[in-house]
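A quick write-up on the structure given underneath.
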Number of protein chains: 2
Amino acid sequence: MAQPSEQAAPAEPSGQAAPVPPWERPRRAAPRRVFTREAIVTAALHIIDTEGVDAMTMRRIAQELGTGPASLYAHVSGREDLIHLVLDRALTEVRCPPPDPQRWQEQIKDVLRLVRRVLVSHGDLARLLPEIGFPTGESVTVTSEAILAILASAGLPKQACAYGVDALSLYVSGIAAEEAVRARSADAGRPAGEALAGRADRYIAALPPDRFPMLTGMAAELTRDVGDERFEFGLDLLLTGLAALAPVRA
Amino acid sequence: MAQPSEQAAPAEPSGQAAPVPPWERPRRAAPRRVFTREAIVTAALHIIDTEGVDAMTMRRIAQELGTGPASLYAHVSGREDLIHLVLDRALTEVRCPPPDPQRWQEQIKDVLRLVRRVLVSHGDLARLLPEIGFPTGESVTVTSEAILAILASAGLPKQACAYGVDALSLYVSGIAAEEAVRARSADAGRPAGEALAGRADRYIAALPPDRFPMLTGMAAELTRDVGDERFEFGLDLLLTGLAALAPVRA
DNA sequence: TCTAGGTGGCGAACGCCGTTCGTGTCAAGA
DNA sequence: TCTTGACACGAACGGCGTTCGCCACCTAGA
């Protein structure tokens with residue numbers, strides 16, 4: 001890989017080249033590379049997509065870019081900064097509609113469905129959410145703004161809008177992270193049934209039915225994993241609650 | 001601290017004792033300590049209470065117990081196991097009532113309020129929740145069983161009970177973790193206003209009002225932090241949604 | 001009482017992590 | 001051409017969870 005430069009390895013008259021003495025070794029034989037923050041985020045997201053969140057270390061990203069981890073710090077202030085950027089990059093795929101008071105509930109659901117879909121499409125990306133407290137990327141901000149606008153168009157009081165957007169995002173983040181754990185387990189090549197649902201299955205099956213009749217009696221329902229059903233159920237709960245706070249429309 | 005044992009340091013005739021040669025140094029001068037899993041969990045919880053979750057490392061726990069981190073592994077299989085135990089220890093404080101169909105909503109709320117209170121009482125304990133996928137401690141299991149029993153007593157279908165307990169626990173976990181981040185920031189001795197709410201304040205204040213009129217117009221509501229208000233709001237949403245699924249009672 | 005096996009305590013070290021420091025390179029501007 | 005600031009990058013720091021190998025201790029059985 002490393003090719004000695006000419007000044008560091010003067011031409012030998014003939015025969016085998018003598019090894020370059022240590023004090024004459026070039027620090028860097030290959031031209032230094034040039035990076036951008038975008039390239040770093042792209043590499044990080046690619047690693048998450050192909051290897052999962054646990055593989056996304058500064059070293060692994062640097063390796064992907066053909067350099068060392070220190071090079072990343074010229075562009076991101078640290079791991080946390082990088083996570084903000086990665087999440088925000090993913091969420092640029094979320095498009096929000098202008099508010100329509102007649103169908104505000106469906107609009108909220110649509111936005112949150114899209115958020116979840118984006119998170120899920122990147123494997124276990126959602127597992128990064130708890131590592132940052134308060135997402136501050138542009139995409140997240142735009143999405144929050146849109147949700148607030150929709151809630152406000154429904155006539156909800158300001159405080160209800162504010163608390164509502166918080167509850168909604170907590171729920172979506174939570175379920176996305178839950179699903180991310182499940183997705184990771186499945187992708188890691190574990191035996192079929194070793195997914196989180198499989199573990200819950202076995203856990204519940206091992207419970208003493210006399211002591212835990214509800215859990216054991218609802219094992220199938222508790223571990224049911226059919227499409228978006230679980231997500232939609234929770235969304236319905238929240239939206240029903242919010243609708244109860246909105247003015248009645250004729 | 002280390003006191004040479006008598007066999008390793010034979011009595012000198014007089015004067016200053018000669019240093020013990022390396023090959024005669026006792027491996028352990030003090031009697032070996034005896035630990036229990038309970039003591040380890042107690043030490044871990046004490047560290048969380050006094051220094052926060054970030055300080056709870058295997059090394060720090062071992063230090064608290066006067067030993068090295070390797071000693072912990074005879075009693076816990078690893079950090080994840082320890083976290084399960086710590087969370088479960090904390091949640092032993094949760095007491096659940098027998099179901100009363102006439103006041104099932106208040107019962108659910110009471111249980112979840114208690115869960116949250118327990119989590120909050122241990123500083124930023126809730127930040128540990130995302131590190132484990134599916135809590136399997138006894139306390140958690142007992143609590144889930146009780147919530148299911150209450151929901152079932154309200155006449156909710158099995159699937160609604162199952163999805164409902166999931167949504168409720170996701171919400172409580174989410175908001176507890178959110179509050180834990182806030183609590184940690186405040187406890188870390190940062191300047192007043194450096195709490196998460198303070199950061200959100202400044203973040204929202206820095207947004208361009210023409211582009212983000214909803215966020216900037218609701219800054220006060222979004223950052224409002226008054227007792228249990230925010231938590232109760234989300235709980236009300238979920239319970240309203242669940243009540244809509246329950247049979248109507250005379 | 002003695003012996004053997006199992007359990008557990010513990011030091012040293014491993015491999016990995018995020019990050020910093022110091023040095024060298026490069027490009028733009030004077 | 002020279003200077004300066006930004007950036008690339010190797011080496012190393014300090015920290016983490018964990019394992020390995022050794023030794024001590026305890027208990028059960030002969």
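Tabulated results
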read-out: Of residues in region B:150-177 being within 7 Å of chain A (Cβ to nearest Cβ), open to solvent by 30 Å² or more (accessible area, probe 1.4 Å) and touching a residue at least 24 places away in the same chain (Cβ under 8 Å), the one nearest to B:Arg127 (Cα to Cα); value: B:Ser173
read-out: Some residue of region A:136-148 being in a helix (DSSP H, G or I), buried (at least 18 other Cβ atoms within 10 Å of the Cβ) and under 15 Å from the mean Cα position of the chain (by Cα); value: yes
read-out: Top-ranked residue in region A:212-250 [being facing chain B (nearest Cβ under 8 Å) and in a loop (DSSP other than H, G, I, E, B); ranked as nearest to B:Cys161 (Cα to Cα)]; value: A:Met218
read-out: Selected residue (only one of A:Arg103, A:Arg79, A:Arg117, A:Arg113 is within 14 Å of DNA strand D (Cβ to nearest atom), open to solvent by 40 Å² or more (accessible area, probe 1.4 Å) and out of contact with any Phe, Trp or Tyr (no Cβ under 7 Å at 6 or more places or on another chain)); value: A:Arg79
read-out: Residue that is touching a residue at least 12 places away in the same chain (Cβ under 8 Å) and in contact with a Pro (Cβ under 7 Å, 6 or more places away or on another chain), where the choices are B:Pro101, B:Pro97, B:Pro130; value: B:Pro130
read-out: Region A:43-59, subset open to solvent by 50 Å² or more (accessible area, probe 1.4 Å) and farther than 22 Å from A:Phe134 by Cα, residue nearest to DNA strand D (Cβ to nearest atom); value: A:Arg59
read-out: Sole residue being within 16 Å of DNA strand D (Cβ to nearest atom) and either surrounded by 14 or more Cβ atoms within 10 Å (Cβ to Cβ) or modelled with pLDDT under 95 (or both), chosen from B:Glu93, B:Glu24, B:Glu12; value: B:Glu24
read-out: Lone unmet requirement of (1) at pLDDT 95 or above; (2) within 7 Å of chain A (Cβ to nearest Cβ); (3) over 13 Å from A:Gly174 (Cα atoms) for B:Ile147; value: (2)
read-out: Residue, nearest to DNA strand D (Cβ to nearest atom), within region B:60-76, restricted to residues that are more than 23 Å from B:Gly137 (Cα to Cα) and open to solvent by 70 Å² or more (accessible area, probe 1.4 Å); value: B:Ala70
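The values are calculated or read from the model by the stated rules, or taken from the named source; none is laboratory data. Please read all numbers here as calculations on a predicted model, not as lab measurements. Positions of Cβ are generated from backbone atoms using ideal geometry, with glycine treated the same way; all protein chains shown enter the neighbour counts. Side chains are part of the model used for accessible areas, which takes the heavy atoms of the whole protein and leaves out ligands, DNA and RNA. Shrake-Rupley method; radii C 1.70, N 1.55, O 1.52, S 1.80 Å.
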